[in-house]
1. How shielded is A:121-132 by partner chains, expressed as the average number of their Cβ atoms within 10 Å of its Cβ atoms?
2. Could you derive backbone 3J(HN,Hα) for the stretch A:99-114 from the dihedral phi with the Karplus parameters 6.51, -1.76 and 1.60 (θ = phi - 60°), listing whole Hz in sequence and x where the residue is Gly or Pro?
3. If the limit is 26 Å between Cα atoms, which of A:Lys163/A:Lys323; A:Lys79/A:Lys142; A:Lys123/A:Lys323; A:Lys79/A:Lys339; A:Lys173/A:Lys323; A:Lys55/A:Lys131 go over it?
4. When DSSP beta bridges are limited to those with both residues in the stretch A:5-104, what percentage is antiparallel, rounded to the nearest 5?
5. Taking θ as phi - 60°, what are the ³J(HN,Hα) couplings along the stretch B:168-174 by the Karplus curve (6.51, -1.76, 1.60), each to the nearest whole Hz, with x for Gly and Pro?
6. A:Leu19's amide H: which non-local residues (gap 5+, or another chain) put their own amide H closer than 5 Å, with H modeled 1.01 Å from N in plane and none for Pro or chain starts?
7. Below 9 angstrom from the Cβ of A:Arg106, what's the summed charge of the other residues (Lys, Arg +1; Asp, Glu -1)?
8. Give a residue-ordered list of calculated ³J(HN,Hα) values for the stretch A:133-148 (Karplus: 6.51 cos²θ - 1.76 cosθ + 1.60, θ = phi - 60°; whole Hz; x for Gly, Pro).
Amino acid sequence: MERGGKEAQQYVWDGAIPLQIHLHDSEVTTLPPPAPALILAPRIGYLPLLSPQLKPFFSGALPPGVDTVWFDYKGLPLKWYIPTGVLFDLLCAEPERPWNLTVHFRGYPGNVLIPCDGEDSVKWSYINSLKEAAYIIHGSSKNVMNMSQPDQIDLWRSVMNGKLETYNRISSKLKLGIVRDDFSAKLNPSSSKIQHSVDETEATAAPKASRIPVRLYICNVDEDFDDFEEELHFDSWDQISYINRPVEINGEEFYPNSSNTIKAEFKNEPGIEAEEESKTGIIEGTSIESVESQSLSGQPVIKLVRIQGIEPKSEIPFSWVVKNLMNPDYFLHICLYIKAPKPLDS
Amino acid sequence: MASNQATCDGSLSLIDFQIAANDFAEKWKKFNSAYPEWLWIDCSNRLGFAAHGVIDGYLSLQNVFIRRSLEEERDEGGCNDDEEPFDNATLVCIVPVMMEINIISMSYTALRTGFQCSTSMYRIPEHPYLNRPWYMLHPCGTSEWMKLLLVGVDNSMATNGTERYMISWFSVVGQVFGLKLPFEMLKSIG
């Protein structure tokens, strides 16, 4: 069976989380209460984009008032600008299917969540994220900012509707080629030819960048926590740290696995400016096993790495992971569970 | 070590930001002792362990009564629903930003999450460390007007370039939050 790069990207784009969405008790005005809504939510999508399906479903049960949709999982308000698949990977260490979420149409928690005015807000967030990625990759957001409006709209619609072909056609104009992915070519020569033809414009027009936009979400689990079958519960986003730093790899010189990269994020990340000054590799050749062995010395221990619902094997080259598992905003979203001593001030 | 980037392109590196922020806090304490102090909040250990060589933190000013109504300002600068949805502003900035809810904080923006760009001067992004929405003075254009403010500054004076940057920057954005810079601080950078 062929498992080439193109196919992997298609799998990511086709990925969906089965959701069972309940209307919050405080907003139920009918008897019997409405049944939960069952929806397949695209991994690369965003929760507010489900509103057009949810509003008609629950509208009959809602009290009078203005609708502002937001979601919670076990009481934790969900950040709407994080892709749905990332939220699932992050908050369900042991995947829960269907994923039981609660929808609210009233009482937007403005002290916890940034404002969201529906699809427009999500679209802006996506385009801004794309600009940010472009800045990391090439040191400039100009390519994204200079996109024609029809292209921006088509790009956004391709993300919203899961149209990978359209997305690849338009995004290739942004010349955001990130890394060489020789691993896909070895796995599947025929599909890599197709991929090369898609990337041809960017390959000839711009050199491959060596900085990779990464969004790293880190859950510091309890020190006594050893089994993900136990239920993890997050009361607040303060329990999850968010790190957004570039990772540099040196193409053919290294074949770092993702856990090494993540470890480098912890140990050696020198910050953006320092990294720009020094082009030496920052990724250490340390295996996940050696990271785990540090538990006795009081160092943080990586318990779980999850990207697009996958726990990448250590032999998978990081370039393949980046190219195939990145989100349409050109960021690689990595969810990481670590076991580390709690900060003194918490 | 401070670089002279601050005086060249109107931006500030993360390392320079920390140096300049601490210098700023010290001078503020010296020249504005009647006011609460700016405190550097170190976040490098927020995961339970410190990452080597990583600067993580922000400057915080608490217990300050802001006379000017920010709510009013926000209304004045509010979004126009009819405006073009795509902006042309430079979104990604490497400059300090000023944020406010009940605490005023100066943090650094090289990368940001989830804020929108329109004509309004205030944004409501998430605070980079405090995990909640804060009102932020939009950093777009900061590097451009900082370049103008720093025109004529001798680059050979790189050692105090970042300090000059921070004080000059604060002399503009501080006023928006009703914070005046002591004259002595301005004099100290010539």
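Bear in mind that the values in this text are calculations on the coordinates, not laboratory data. These numbers come from a predicted model, not from an experiment. Counting neighbours? That spans all protein chains shown, and the Cβs are built from the backbone with ideal geometry, glycine included.
1. Average per residue, whole number: 4.
2. Result, rounded to whole Hz: 7, 8, 10, 10, 9, 10, 10, 10, x, 4, x, x, 7, 10, 10, 6.
3. Check vs 26 Å cut-off fails for A:Lys79/A:Lys142; A:Lys55/A:Lys131.
4. Working: 11 of 16 bridges.
Around 70 percent antiparallel, to the nearest 5.
5. Running phi through 6.51 cos²θ - 1.76 cosθ + 1.60 with θ = phi - 60° gives 5, 4, 5, 4, 8, 6, x Hz.
6. Amide H neighbours of A:Leu19: A:Ile39, A:Leu40, A:Ala41, A:Trp99.
7. It works out to a net charge of -2.
8. 5, 4, 5, 5, 6, 10, x, 7, 9, 4, 4, 6, 5, 8, 4, 5
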